[in-house]
Amino acid sequence: MNKFALLLLCNILLLNKIGIHALRCYDCNSVTDSRCFDDKPPDALKKDCSELRDGSKYTMCRKITQVIEFSVNGLPANTRVIRSCGWDESNYKGKCYQRGGFGGRQEVCSCTSDFCNGASNNKFSFSLHYIWVLNIILIFVTL
């Protein structure tokens, strides 16, 4: 069996063992659920993005922090956090950016691994890291 066939077979077996699934993100809005403010929201706020309408279009998780600095249009100053499945094919995928305007500002961060919108930092999927390391080992072993 040549090296490529061995590598392909190992990947198929590994992916079958790990399982391939759709992206999963925290999905909440602190206006309706204060637990969305938590650095690590509870499991009850986890969502499989494929279960949402047009689920196949979701390619990332998103966390938006909005700050309204003073009363505007009768609404009090406040801060809210919105976490969701998202899609965006711009240069901001996997990054954070800030926007500001009269009386408010927001920070939008996106990431591409499961539940990565729960913490402040973006992490890549452990499963994909495991596959990558295994591939490197297999390449050197089969040389």
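Taking Cα pairs under 8 Å and at least six residues apart, what relative contact order does the range 32-127 come out at, in percent?
It rounds to 29 percent for the range 32-127.
Sorting check: for 102-111, 32-41, 83-92, which peptide has the highest mean count of neighbouring beta carbons within 10 Å, and how do the rest follow?
My ranking of the peptides, most packed first, is 102-111, 83-92, 32-41.
Length gain on complete extension for the stretch K95 to S34, per 0.36 nm per residue less the alpha carbon to alpha carbon distance? If you can, show how the numbers build up before the last one.
Working: separation 61, 0.36 × 61 = 21.96 nm, distance 2.49 nm.
Value of the extension gain: 19.5 nm.
What is the distance, in nm, between label points placed 7 Å from the Cα along the Cα-to-Cβ direction at A44 and at W87?
3.1 nm
Enumerate the amide H contacts of R24 below 5 Å, restricted to partners 5 or more residues apart or on another chain; note that Pro and chain-start residues carry no placed amide H.
Correct list: C49, D114, F115.
Values in this text are rule-based calculations from the coordinates and carry no lab data. In this text, all values refer to a predicted model and were calculated from it rather than measured experimentally. As a convention, Cβ positions derive from the backbone with ideal geometry for all residues, glycine included, and neighbour counts pool all protein chains shown.
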